[in-house]
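Chemist: Following this message is one structure expressed as structure tokens.
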Amino acid sequence: MSVSDPPAIKRRPVYLNLVRIRLPLPGIVSILHRISGAALFLFAIPVVLFAMQASVESEDGFASLKSMLANPLCKLILIGLLWAYLHHFFAGIRYLLIDLHVGDDLAPARQSSVAVLGASLILTLIIAVRLW
Amino acid sequence: MTRPLRQTIGAHYGWKDWLVQRVTAVVMILYTLGMLGVALYNGGFDYALWQALFANGAFRIATLLFGLAVLWHAWIGMRDIWMDYIKPTALRLALEVATFVVLVAYAAWLAQILWGTRQT
Ligand code: HEM
């Protein structure tokens, strides 16, 4: 066997039926952290900059922004982005703590993933209710 | 001299980016908590408070710092995502360049809002 021969390919089981894979809770937090990060980049930054510009420019701009908030579609979008930020925020803090080896055993990591999911959902819900 | 076999092009950007993403995360957490504190203390934002904030030099600097942290953090994060999912090199490079250009443009926009031609 010469040096340049490729290593023998092992046949590994492939099991990628997305419907049947059961992602554990920390895995759900992780993929949502990625999705929320991408959503923040794609949508939240331009929306925040637009709102910042309009609201600082003049009192009229500030008022018109407030009246835009009365629109149900705008509210929905904003609530979605709010959830993305909150989830990314709490999941990010969880990762920072795990990097510091705080709660990186299996059981606490599972519990904190529940806490992250719950805290961001509940906070989003509370703010959503107050917005409507 | 022997060099480690796993050394790849770009040298140690792996651990540096890892650290940057965490430092910028802490900056963003602090800013978020600060703004939350201002909002809770004043019972929300009205126009007068908003104007006062933007007229405050420390607030502008802090907000610019936050913006730069978002820029750097999102650059590393989005590049990781493109690297994971986009395999054709040309497409991936195009997306990475586009991400970078957009982020720098956003930072310039933020600076313009903060130090623009507004009368205060
Ligand atoms: C309070 C604010 C934030 C905190 C605490 C935070 C925390 C983190 C941490 C710790 C990571 C690294 C995750 C890892 O290496 O597995 C990360 C990744 C990321 N963040 Fe943030 N972040 C914040 C705000 C933002 C914002 C505003 C954006 C959007 C522009 C953003 C976009 C991303 C992206 C795209 C990733 C990559 C996700 C991945 O690779 O799966 N983050 N964040």
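Chemist: Here's a check for you: in segment A:73-108, which residue that is away from the ligand (no atom under 16 Å from the Cβ), of a type outside the set (A, V, I, L, M, F, W, C) and open to solvent by less than 70 Å² (accessible area, probe 1.4 Å) is farthest from residue A:25 (Cα to Cα)?
Modeler: By that ranking, first place goes to A:75.
Chemist: For segment B:36-74, give me each residue that is within 21 Å of residue A:36 (Cα to Cα) and either at pLDDT below 95 or surrounded by 13 or more Cβ atoms within 10 Å (Cβ to Cβ) (or both).
Modeler: Answer for segment B:36-74, where residues must be within 21 Å of residue A:36 (Cα to Cα) and either at pLDDT below 95 or surrounded by 13 or more Cβ atoms within 10 Å (Cβ to Cβ) (or both): B:66, B:67, B:68, B:69, B:70, B:71, B:72, B:73, B:74.
Chemist: Which of the residues spanning segment B:76-114 are away from the ligand (no atom under 16 Å from the Cβ) and in contact with a helix residue (DSSP H, G or I) (Cβ under 7 Å, 6 or more places away or on another chain)?
Modeler: Correct list: B:111, B:113, B:114.
Chemist: Related question: Do you know which residues across segment A:38-88 are outside any helix (DSSP H, G or I) and within 20 Å of residue B:78 (Cα to Cα)?
Modeler: None; the set is empty.
Chemist: So residue A:88 clears everything in (1) at the interface with another protein chain (Cβ under 10 Å from one of its Cβ atoms); (2) without any contact (Cβ under 8 Å) to a residue 12 or more places away in the chain; (3) under 25 Å from the mean Cα position of the chain (by Cα) except one condition, right? Which one?
Modeler: Every condition holds for residue A:88 apart from (2).
Chemist: Right, another one. If you go through segment A:28-41, how many residues are out of contact with any Phe, Trp or Tyr (no Cβ under 7 Å at 6 or more places or on another chain) and within 9 Å of chain B (Cβ to nearest Cβ)?
Modeler: Of the residues in segment A:28-41, 4 are out of contact with any Phe, Trp or Tyr (no Cβ under 7 Å at 6 or more places or on another chain) and within 9 Å of chain B (Cβ to nearest Cβ).
Chemist: Identify, by number, the condition in (1) open to solvent by 40 Å² or more (accessible area, probe 1.4 Å); (2) under 21 Å from the mean Cα position of the chain (by Cα) that residue B:28 doesn't meet.
Modeler: Only one criterion in (1) open to solvent by 40 Å² or more (accessible area, probe 1.4 Å); (2) under 21 Å from the mean Cα position of the chain (by Cα) is unmet by residue B:28, namely (1).
Chemist: Follow-up. Does residue A:25 meet the test of being surrounded by fewer than 16 Cβ atoms within 10 Å (Cβ to Cβ) and either away from the ligand (no atom under 11 Å from the Cβ) or more than 17 Å from the chain's Cα centre (by Cα) (or both)?
Modeler: It is true that residue A:25 is surrounded by fewer than 16 Cβ atoms within 10 Å (Cβ to Cβ) and either away from the ligand (no atom under 11 Å from the Cβ) or more than 17 Å from the chain's Cα centre (by Cα) (or both).
Chemist: Same structure again: If you take the residues of segment A:54-71 that are buried (at least 16 other Cβ atoms within 10 Å of the Cβ) and at the interface with chain B (Cβ under 7 Å from one of its Cβ atoms), which of them is farthest from residue B:59 (Cα to Cα)?
Modeler: Looking at residues that are buried (at least 16 other Cβ atoms within 10 Å of the Cβ) and at the interface with chain B (Cβ under 7 Å from one of its Cβ atoms), I get A:62.
The values are calculated or read from the model by the stated rules, or taken from the named source; none is laboratory data. The model shown is predicted, which means the values in this text are computed figures rather than measured ones. As a convention, Cβ positions derive from the backbone with ideal geometry for all residues, glycine included, and neighbour counts pool all protein chains shown. Accessible surface areas use protein heavy atoms only, side chains included; no ligands, DNA or RNA. Shrake-Rupley method; radii C 1.70, N 1.55, O 1.52, S 1.80 Å.
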